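These notes concern the structure reproduced below.
Every number here is computed from the coordinates shown, using simple stated rules; none is lab data. Just so we're clear, the structure is a prediction, and the values are computed from it rather than from any experiment. Virtual Cβ from ideal backbone geometry, glycine too; neighbours counted across all protein chains shown.
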Amino acid sequence: MTGDPQRTCRELAGGVLAEHASTVDRDARFPKEALSALRAHGLLAAAAPVERGGLGADVPALAGMAAALARGCGATAMIWAMHQVQLACLLVGEGAPELREAVTMVVRDQLLIASATSEAGIGGALRTSSCAVERDGSGARLDKRATTVSYGVEADALLVSARRGPDSPPSDQVAVLADSARTRLEVLGGWNPLGMRGTCSPALRVSAEFEEWRILPVPFGDLVARVMTPLSHVLWAGVWYGLASEAADRAVRYARARGESAGPPSSSLAEMRWRLAGLEAQLDAAARDTQDVMTGAAEPTVAFTLRVNALKLATSQVAVDVALAAMRACGMAGYSEDGPYSVARILRDLLSAPLMINNERLVAISSQLALVARDR
Amino acid sequence: MNAVPARAVHGDERTHVESRVRDLLVRKDLLPGVIESVDAEADLWELGMESLAMVGVMVAVEDEFRVEFPDELLTRATFRSLAVITDAVMGLTRGDDRP
């Protein structure tokens, strides 16, 4: 791919993503046209270094790409963001040569990786597993009832967390790169949510058989602290920031179209700007911090974890506020599901933000961490 | 201007700090049935320590030894084992150059 990836994302968002966004949303179906386009432009391998065949985008660039994509289709942007997190996890540590080869193939063939970290009876608590890797003469296997697996059925491989072995405590986990070809997926529930409908995230039973080398070399807890949590929060925040920015722009276009005869512009226009300015600054700072932690230039300390948690909490709430302000500014034109000033799908998509790692849980964790937080 | 303790004294001090850390974690009910006898080098994360429990350990160790960990030491790595916690505490209490 030539040119600036963020610009490509903007162009695709205004083109193929926007074109299919409403049917993807209406039918709660996987955005296959958008994903094909992302693949064709090499964008699925954005987070992989150039020397491994990727685009070598750093975290701030990835956040910008997530925001750009979200303007066309929130679900597509979220799928792309989650995939980048899985890819980044695969690129950490020196695994077996077979694993390295498998990851090279993921990058080269632009394979789509889903994640199965939630579990029945545990919910979204990332750092606890109930299922375990079990072994016999022929290899390893695991059987997991995951409560939410986004685009799992569409993925080429899944990153699955599990206890290291049948005797391991719930927090001694590993991550396994399970090949879809040797994984049986059973859809356990329906999928008819309020928003982010194209992410196709039902409950799944995941029964995987795999070779020992498919267990990632880095302990899952370290992977979560250094890559999975911070990068998820930054890229999700990028998506939410992009959605909120799109809502604000629609409100501005609506105000301009009404013209001066309608009186002075809605005060919501100013409110949206100051809220977005705060989010942009916070996102940019957290993206740079996360880049340093992922390269090893900085450690994932308590203060760092608090900052990325704060980004998630703030963005997931403020982006909703921005979309609501846009809807107030646009009136019925914003409330409508159709038309150029519709904010309806954007608002529905954004209402998932406080639930992706529930803010209540995140606040409880952050309050504990705050007991030992130090200033920089 | 750090005075280097004689080897024997250092060894005694280390054993003493390590046993205070262990007693503290026992009192805090961290990994009950395990922490009492676990090897000082053993990985507490692999033994079942959880992230929130780690915060409790950080607070308890700071209170017990009247130290304040700088942010760069507030990581999973610092709290991986009794031995590493002991190293961190000794580093902070031994003629430290922090204000």
Handout entry: Computed helical MRE - 222 nm, the protein assembly as shown, DSSP H runs ≥ 4 contributing -39500 (n - 2.57), nearest 500
Key = -15500 deg cm²/dmol
Completion exercise
For the range A:220-370, the dipole about the Cα centre with charges only on Cβ (Lys and Arg +1, Asp and Glu -1), to the nearest 20 debye, works out at 280 debye
Completion exercise
The relative contact order of the range B:10-93, taking Cα pairs under 8 Å that sit 6 or more residues apart, comes to a percentage of 39 percent
Problem - Net lengthening on full extension, A:ASP4/A:VAL153 (0.36 nm per residue, minus Cα-Cα) - result: 50.5 nm
Exercise for the section: Quickly work out the A:ASP249-to-A:ALA96 label distance, labels modelled 7 Å from Cα along the C-beta direction, and quote it in nm with one decimal. Expected result: 4.7 nm
Completion exercise
Sorting A:GLY189, A:ALA140, A:ALA157 by the position of each Cα along the dipole of the range A:113-214 (Lys, Arg +1; Asp, Glu -1; all at Cβ), the one nearest the positive end of that ordering is A:GLY189
Completion exercise
Summed over the other residues with a beta carbon less than 12 angstrom from that of B:GLU41, with K and R at +1 and D and E at -1, the charge totals -4
Completion exercise
Net charge near A:CYS89 (other residues with Cβ under 15 Å of its Cβ; Lys, Arg +1; Asp, Glu -1) is +3
Problem - Theoretical FRET efficiency, 1/(1+(r/R0)^6), r = Cβ-Cβ of A:ALA281 and B:ASP63, R0 51 Å, to 0.05 - result: 0.90
Completion exercise
Residues other than A:SER336 with Cβ under 15 Å of its Cβ, Lys/Arg counted +1 and Asp/Glu -1, net out at +3
Problem - Residue among B:VAL26, B:LEU44, B:THR93 farthest towards the positive dipole end of the range B:10-93, charges placed on Cβ - result: B:VAL26
Practice task
Quick one: dipole size for chain A, taken about the Cα centre, charges +1 on Lys/Arg Cβ and -1 on Asp/Glu Cβ, in debye to the nearest 20.
Solution key: 760 debye
Exercise for the section: Counting only C-alpha contacts under 8 Å and six or more residues apart, can you give the relative contact order of chain A as a whole percent? Expected result: 17 percent
Fill in the blank from the handout: With +1 at each Lys and Arg Cβ and -1 at each Asp and Glu Cβ, the charge dipole magnitude of the range A:281-362 around its Cα centre, to the nearest 20 debye, comes out at 140 debye
Problem - For the range A:1-160, with +1 on Lys and Arg beta carbons and -1 on Asp and Glu, the positive-most of A:ALA13, A:SER129, A:TRP80 along the dipole - result: A:ALA13
Exercise for the section: Starting from the Cα-Cα distance between A:ASP338 and A:ALA120, subtract it from 0.36 nm times their residue separation and give me the gain in nm to one decimal. Expected result: 74.7 nm
Handout entry: Separation in nanometres of the label points that stand 7 Å from Cα toward Cβ, at B:ALA83 and B:GLU36
Key = 2.4 nm
Practice task
Could you work out how far apart the two model spin labels at A:ALA18 and A:THR104 are, taking each label as a point 7 Å from the Cα in the direction of the beta carbon, and quote it in nm?
Solution key: 4.1 nm
Problem - Relative contact order, percent, the range A:93-188 [alpha-carbon distance under 8 Å, six or more residues apart] - result: 27 percent
Exercise for the section: Provide the FRET efficiency to the nearest 0.05 for the A:ASP143-A:ALA373 pair, computing r from the beta carbons and using R0 = 35 Å. Expected result: 0.35
